[in-house]
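This report concerns only the one structure given below.
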Amino acid sequence: MSRLSQGSRGIVLTALVGGGLLLAGCTPPMPPDVLAARAEAQITCGTGNVDVAVPDEFVGVADSVGMALTSVCADQTVTEVPITDPAPVAIVGQTPSDQVVNDFQAASCPTDSIIVIPSFAYPVTMAYNVIGLEGLVFTPEIVAGILSGSITSWEDPAIVEQNPDFDLTLLPDIAVMSVETPQGSVEAMTSWIVQQSPSSWPQGVVSTLDVGEKFATQADLIAEMVAVEGSDGGPAHLHSLHRVTLRYRKLPRQGHR
């Protein structure tokens, strides 16, 4: 069970050409007829197709929006394309740098203005592949030690102290894996560490990790992580694996369930 959690934001880059994009969620879920009526009141339907460029970690996001939009705007479609393809709308996982914005403008809208929209939230997680360790408690100092490479054993005193009800002996060393390109998840997690325990992470907020094995894509990382017990995926969006998520307060210590 996850003990800690933090939300970060996805960002949409879009050419400002008179259109709009609405991403919304409701809790508790509303009936389909109520959702449709609400959408009709908030969305001005257009015609034709809009391509949305999506990075690997968000594959399926634009398709979901397109499916929901079809029920309201029959003549308007959304097509998800790879992040490398020019498109009038792009989703990125972190606040875009000036270079990212400039590259987007050059490729997708050289004559239009650009708007940057915080559009949705997603959980940032540290995933690990060790059977039987579901529900470990990680403090900011432990997370910092793993991501910096100073903690390489599950028997490290810092981990043992926080998790007295777990048997952490005779396990493989911790192998850190991450994606080689800048990731919003790394930025969010290191931001959290800096806020909670700045002395344990003196390098400040970063978007890539210096230690461990690097992979070209999230898919490559997941494939390797699933195959190697003892691996730690670092910040990633891996909802099918055991994970520790982070939020801005520590919960009381709990035993193994």
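The values are calculated or read from the model by the stated rules, or taken from the named source; none is laboratory data. Values in this document were obtained by computation on a predicted structure and should not be read as measured data. All Cβ positions, glycine included, derive from the backbone under ideal geometry; neighbour counts span all protein chains shown.
Worth pointing out:
- The numbered conditions (1) in the same structural domain as residue 163 (by TED's automatic domain parsing); (2) charged (D, E, K, R); (3) buried (at least 18 other Cβ atoms within 10 Å of the Cβ) are all true for residue 80 except (1).
- Yes/no for residue 87 being under 18 Å from residue 43 (Cα atoms), aliphatic (A, V, I, L, M) and not assigned by TED's automatic domain parsing to the domain that holds residue 187: no
- Every condition in (1) farther than 21 Å from residue 217 by Cβ; (2) not assigned by TED's automatic domain parsing to the domain that holds residue 169 is met by residue 133 except one, and the failing one is (2).
- Candidate set from region 107-133 (those that are more than 18 Å from the chain's Cα centre (by Cα) and surrounded by fewer than 15 Cβ atoms within 10 Å (Cβ to Cβ)); member that is farthest from residue 190 (Cα to Cα): 111
- Every residue from region 90-106 that is over 19 Å from the mean Cα position of the chain (by Cα) and surrounded by 12 or more Cβ atoms within 10 Å (Cβ to Cβ): 101, 102, 103, 104, 105
- Test: residue 60 is assigned by TED's automatic domain parsing to the domain that holds residue 153 and surrounded by fewer than 15 Cβ atoms within 10 Å (Cβ to Cβ): no
- Among the residues examined, residue 70 qualifies as in contact with a strand residue (DSSP E or B) (Cβ under 8 Å, 6 or more places away or on another chain), among the hydroxyl-bearing types (Ser, Thr, Tyr) and more than 20 Å from residue 188 (Cβ to Cβ).
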